[in-house]
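For reference, the structure discussed in these notes is given below.
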Amino acid sequence: MDRIVGTSLASEAFERVVEAIISGEFEPGQKISEAELARRLGISRGPVREALHRLEGRLVSRVPR
């Protein structure tokens with residue numbers, strides 16, 4: 001995954017996560033860490049959290065610790 005530059009960070013993070021899931025970069029059932037995604041994308045956790053929230057119920061399920 002490349003770092004995000006420009007545009008709305010949450011929207012760009014959403015698109016990148018969807019692409020990563022569809023391309024098989026993330027396996028079905030694999031844990032996706034907000035902190036790890038933020039690090040890989042070069043952004044803070046807030047936009048990543050918003051992107052994952054938008055994906056809940058579609059491509060992502062949230063499981064409490």
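What tally of residues in the range 22-34 results from selecting those that are in a helix (DSSP H, G or I) and touching a helix residue (DSSP H, G or I) at 6+ places or on another chain (Cβ under 8 Å)?
Just the residues of the range 22-34 that are in a helix (DSSP H, G or I), to begin with: 22-23, 34.
Next, only the ones that are touching a helix residue (DSSP H, G or I) at 6+ places or on another chain (Cβ under 8 Å) stay: 34.
Residues flagged as in a helix (DSSP H, G or I) and touching a helix residue (DSSP H, G or I) at 6+ places or on another chain (Cβ under 8 Å) within the range 22-34 amount to 1.
Being on the phi > 0 side of the Ramachandran plot, of a type outside the set (A, V, I, L, M, F, W, C) and without any contact (Cβ under 8 Å) to a residue 60 or more places away in the chain narrows it down to one of Gly46, Gly42, so name that one.
Numbers: Gly46 fails: on the phi > 0 side of the Ramachandran plot.
Result of the check over Gly46, Gly42: Gly42.
Read-outs: derived from the displayed coordinates by stated rules, not from any lab. From a predicted model like this one, the values you see are computed outputs, not experimental measurements. Neighbour counts are summed over all protein chains in view; Cβ atoms, including those assigned to glycine, are modelled from backbone coordinates with ideal geometry.
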